[in-house]
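What follows is a single structure, written as structure tokens, with notes after it.
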There are 2 protein chains.
Amino acid sequence: MSDYRAMWKGLGLDLEAHDALLSYLGDAYTSIFLSQRNRPEGMKYFDFVMSEVHGLRIKELLDAKAEGRKVVGSYCTFVPEELILAVDGISVGLCTGGDFATELVDQVLPRNTCSLIKSAFGFKLGKVCPYVEACDLVVGENTCDGKKKAYEILRQFIPSLYVIDLPQMKTEAGKQLMRTEYQRFALKLEEVTGRKLEAKKLEAAIATVNGKRAALKRMAALRSASPAPISGLDALLISQISFYDDPVRFTGSLNALCDELEARVQAGQGVFPSAHPRIVVSGCPMAVPNWKIPAIVESCGAVIVGEEGCVGERSTRWLTPETGRTVEEMIGLLVERYLNIDCAVFTPNPSRLDYVREITHGRRADGVIHYAIQFCQPYQMEAGPVLASLESASIPTLRIDTDYSQEDVGQIRTRVEAFVERLRA
Amino acid sequence: MSDYRAMWKGLGLDLEAHDALLSYLGDAYTSIFLSQRNRPEGMKYFDFVMSEVHGLRIKELLDAKAEGRKVVGSYCTFVPEELILAVDGISVGLCTGGDFATELVDQVLPRNTCSLIKSAFGFKLGKVCPYVEACDLVVGENTCDGKKKAYEILRQFIPSLYVIDLPQMKTEAGKQLMRTEYQRFALKLEEVTGRKLEAKKLEAAIATVNGKRAALKRMAALRSASPAPISGLDALLISQISFYDDPVRFTGSLNALCDELEARVQAGQGVFPSAHPRIVVSGCPMAVPNWKIPAIVESCGAVIVGEEGCVGERSTRWLTPETGRTVEEMIGLLVERYLNIDCAVFTPNPSRLDYVREITHGRRADGVIHYAIQFCQPYQMEAGPVLASLESASIPTLRIDTDYSQEDVGQIRTRVEAFVERLRA
């Protein structure tokens, strides 16, 4: 650890505040993750990655930078990682799941701002995020109003901030706009990295990212088994790690874990007894260290068997066809691929409703928890139609609107306990 | 009035609830508007229009419908009225400024929804809006997340709802998207009205709407005089009426009022003593009967001399060049014109900041009140940059975030009184 202090200092972190954050993270990780029973052996890799989240991985980034590679941070699954990898960039997710430096954040953002956005500001303003400090380019995107307008303010604190515009409807005109924007982003990446976006490299990058997503899909499919071979907490953790780990190493480790999960399934082994009610969680993304809902659910005698969220299946369901030969063709295929993502910012957004029902049946889930971050208008608005669609299919639902604070944990626990009781009946 | 009851019943209104609304409106109008001193004579027309807002004007709409014309309602200034007029349609604004049927609204919308959206639902669900019931086509638009997602829900209650997509940035790709959408809207209007969009008719419609906006700009400019020749309340009322009155009759009446205001200015006459602090209000739209902020401000010894809002100068600042000859050319010019509108849903949105400073100087205002409806993320987020820009120009500011309830009137009054005192000092 002592090796890293100089590194953190060099990145401009507030060492005291950072120590406090790491201490909180370590304690939370121990009590929430390491206390779980029947964890697969393959989780050791991910435990190690988490233990080095601000250490070894940051050192890797800095070593790569020393070799001339660039680090590109992003806040959303609409930022095409493939383009970043194709110019030898390193892609890291910057969304954060914890309140930090709230008094500084409240000076620049309205109180009615969702925790996810506030947290991104808090980690930057509080100087505790080595990822954002290591970035050569930070990429935002016009998804929701909150992020779109917050980026205008964040630019004061992150001069390298670049924003990708997005359409609001999946029309032909919307697709054209997105294609224009992905092409503009490719030019920006060429400028920042000083490397040309070449077809061969982009082809390889698409294959790499497809490999990562295929491994995540493989894990998701294995959760259909009863008993579930992996906890919802661990599955979420793996999705969270997918945003910042080296993609090839990550894919290898995840496939090794999936081999183990397959063996478990064949042996009828699971993390919890098969009588545990099975739950799908649908809604807003959960970034590290936002483990609040799964920690509550899985300590109430239920198991989560799917996350319909951006940190989860919404960002990995679709692979990019590997049929493009020219850069332009491949960008076109990436646009098609990313425009599938059924984030609630799109109107209408019917495929999300279909998919929630689909995985509920496919994973043999007994019920669905709709999770929305307070003040996230797109997901809070879409919760009504999602829940109505599930209820019309006689699927029990529970709606939780919350933030990153721990104040409502007791209240949520009571509601989850009652819901789990209902599913058991 | 008794004549109208059959009409309202025919439109499916809830007569009892509607009576309660009219009674509230009448009382509010009397106490807020008719109690004002030194009102121009020309306000009599607008008082009459308001007194017949659910009566004569609705009868006019129904008479026009009987002659085969169509009524098109909209919720936003991005819906191009010119296209509606060009197919002999009647354009009416449907935004509403009062809480209604809140218990029904809370069943379909999240609590964290702004009052404007809730009110649109409340007037529909509570069956008290003869305008929406008279519409052959209701047009929404993808501006903010709240409206975009709420339209998906509103469609259940308004089957004729049609939504215009909009870009989030004023780029070339954004303009292309908007052009595609305006062309699609033109086709929809042709389908609904059964009339062809002809160049001659569109030319005339552009001239009609330009005439209306020019008259509103004329009124706005006259408010630069000290003492102000018209109250902020009356000026706001006129802007509100501009959304549903017959445009030609409205323009004539407003120009007659402006003649009177010009004479007042020349004679040095005003509505308040010239010592009254002068205030610009910037922010969210104020739809009928949302008179809360100007009623408070102008009862605290200040006068409002400009509204930087969609019910106000943001929707009227730009005229459409009358140089187009073909329908396609004119639609292109309309796209250019409407894309000027500096609503906070756009990113970035620098011209709004410029304009607030500009009218503050031009109207010789002493300070600016930034008004945002609670949970309106775009304006609440943009409030920070707007206020910072004003303060850096040494312009005193007051930020008010509120809703349509009357619960915070006392608290707001206290803050406004202190602000007016500060401006007097």
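Of all residues in the range B:37-67, those satisfying the criterion of being touching a residue at least 12 places away in the same chain (Cβ under 8 Å), within 21 Å of residue B:136 (Cα to Cα) and either of a type in the set (D, E, K, R) or part of a loop (DSSP other than H, G, I, E, B) (or both) are B:53, B:54, B:55, B:57, B:59, B:60, B:65. Looking only at residues in the range B:111-132 that are among the β-branched types (Val, Ile, Thr) and within 14 Å of chain A (Cβ to nearest Cβ), which one is farthest from the chain's Cα centre (by Cα)? Among residues in the range B:111-132 that are among the β-branched types (Val, Ile, Thr) and within 14 Å of chain A (Cβ to nearest Cβ), the one farthest from the chain's Cα centre (by Cα) is B:113. Checking the stated criteria, residue B:299 turns out not to satisfy the condition of being modelled with pLDDT of 95 or more, closer than 20 Å to residue B:360 by Cβ and either among the polar types (S, T, N, Q) or open to solvent by less than 10 Å² (accessible area, probe 1.4 Å) (or both). Here residue B:99 does not fit the description of being acidic (Asp, Glu) and within 16 Å of residue B:76 (Cβ to Cβ).
Within the range B:281-303, if we keep just the residues that are more than 16 Å from the chain's Cα centre (by Cα) and not acidic (Asp, Glu), the residue that is farthest from residue B:412 (Cα to Cα) turns out to be B:303.
Evaluated against (1) in contact (Cβ under 8 Å) with a residue 40 or more places away in the chain; (2) more than 30 Å from residue A:175 (Cβ to Cβ), residue B:146 falls short on exactly one condition, (2). For the range A:175-195, a residue qualifies if it is among the hydrophobic types (A, V, I, L, M, F, W, C) and out of contact with any strand residue (DSSP E or B) (no Cβ under 6 Å at 6 or more places or on another chain), and the qualifying residues are A:177, A:178, A:186, A:187, A:189. The criterion of at least 2 residues that are open to solvent by 30 Å² or more (accessible area, probe 1.4 Å) and away from every other protein chain (no Cβ under 14 Å) is met, among helices (runs of 4 or more DSSP H) falling completely within the range B:162-272, by B:172-193, B:199-222, B:247-266. Every condition in (1) part of a loop (DSSP other than H, G, I, E, B); (2) in contact (Cβ under 8 Å) with a residue 24 or more places away in the chain holds for residue B:7 except the one numbered (1). Of the residues making up the range B:20-39, those that are open to solvent by less than 40 Å² (accessible area, probe 1.4 Å), farther than 23 Å from residue B:123 by Cα and of a type in the set (Gly, Ala, Ser) number 0.
Restricting the first member to the range A:379-395 and to residues that are within 12 Å of another protein chain (Cβ to nearest Cβ) and without any contact (Cβ under 8 Å) to a residue 12 or more places away in the chain, and the second to residues that are in a helix (DSSP H, G or I) and surrounded by fewer than 24 Cβ atoms within 10 Å (Cβ to Cβ), the beta-carbon pairs closer than 7 Å and six or more apart or on different chains are A:384/B:108; A:384/B:153. Select from the range A:133-161 the residues that are over 20 Å from the mean Cα position of the chain (by Cα) and among the polar types (S, T, N, Q) and write down the one among them that is most open to solvent (accessible area, probe 1.4 Å). Within the range A:133-161, the match that is most open to solvent (accessible area, probe 1.4 Å) is A:156.
Among the residues that make up the range B:84-106, is at least one of them within 13 Å of chain A (Cβ to nearest Cβ), over 17 Å from the mean Cα position of the chain (by Cα) and part of a helix (DSSP H, G or I)? First the steps, then the outcome.
In the first step, residues of the range B:84-106 are kept if they are within 13 Å of chain A (Cβ to nearest Cβ); the result is B:105-106.
Next cut, over 17 Å from the mean Cα position of the chain (by Cα) only: B:105-106.
So of that shortlist, the ones also part of a helix (DSSP H, G or I) come out as B:105-106.
Looking for residues that are within 13 Å of chain A (Cβ to nearest Cβ), over 17 Å from the mean Cα position of the chain (by Cα) and part of a helix (DSSP H, G or I), one finds at least one in the range B:84-106, hence yes.
The C-beta contact set for the range A:330-347 (first residue within 14 Å of another protein chain (Cβ to nearest Cβ), second residue open to solvent by 10 Å² or more (accessible area, probe 1.4 Å) and of a type in the set (Asp, Glu), distance under 9 angstrom, 6+ apart or interchain) comprises A:342/A:354; A:347/B:152.
So if I check each of A:60, A:82, A:67, which one is more than 30 Å from residue B:383 (Cα to Cα), out of contact with any helix residue (DSSP H, G or I) (no Cβ under 9 Å at 6 or more places or on another chain) and open to solvent by less than 60 Å² (accessible area, probe 1.4 Å)?
Answer to the selection: A:60.
The condition of being open to solvent by less than 20 Å² (accessible area, probe 1.4 Å), hydrophobic (A, V, I, L, M, F, W, C) and assigned to a loop (DSSP other than H, G, I, E, B) does not hold for residue B:117. Taken residue by residue, the range B:129-136 has at least one member that is modelled with pLDDT of 95 or more, touching a Phe, Trp or Tyr at 6+ places or on another chain (Cβ under 8 Å), among the hydroxyl-bearing types (Ser, Thr, Tyr) and farther than 25 Å from residue A:386 by Cα. One residue stands out in the range A:144-161 among those that are out of contact with any helix residue (DSSP H, G or I) (no Cβ under 7 Å at 6 or more places or on another chain) and assigned to a helix (DSSP H, G or I): the one that is farthest from the other protein chains (Cβ to nearest Cβ), namely A:151.
Checked against (1) surrounded by fewer than 22 Cβ atoms within 10 Å (Cβ to Cβ); (2) not in a loop (DSSP other than H, G, I, E, B), residue B:73 meets all criteria but (1).
The values are calculated or read from the model by the stated rules, or taken from the named source; none is laboratory data. No experiment lies behind these values; they were computed from the predicted model shown. All Cβ positions, even for glycine, are placed from backbone atoms using ideal geometry, and neighbour counts span all protein chains on display. Note: accessible area is taken over every heavy atom of the protein model, side chains too, but ligands, DNA and RNA are not part of it. Shrake-Rupley method; radii C 1.70, N 1.55, O 1.52, S 1.80 Å.
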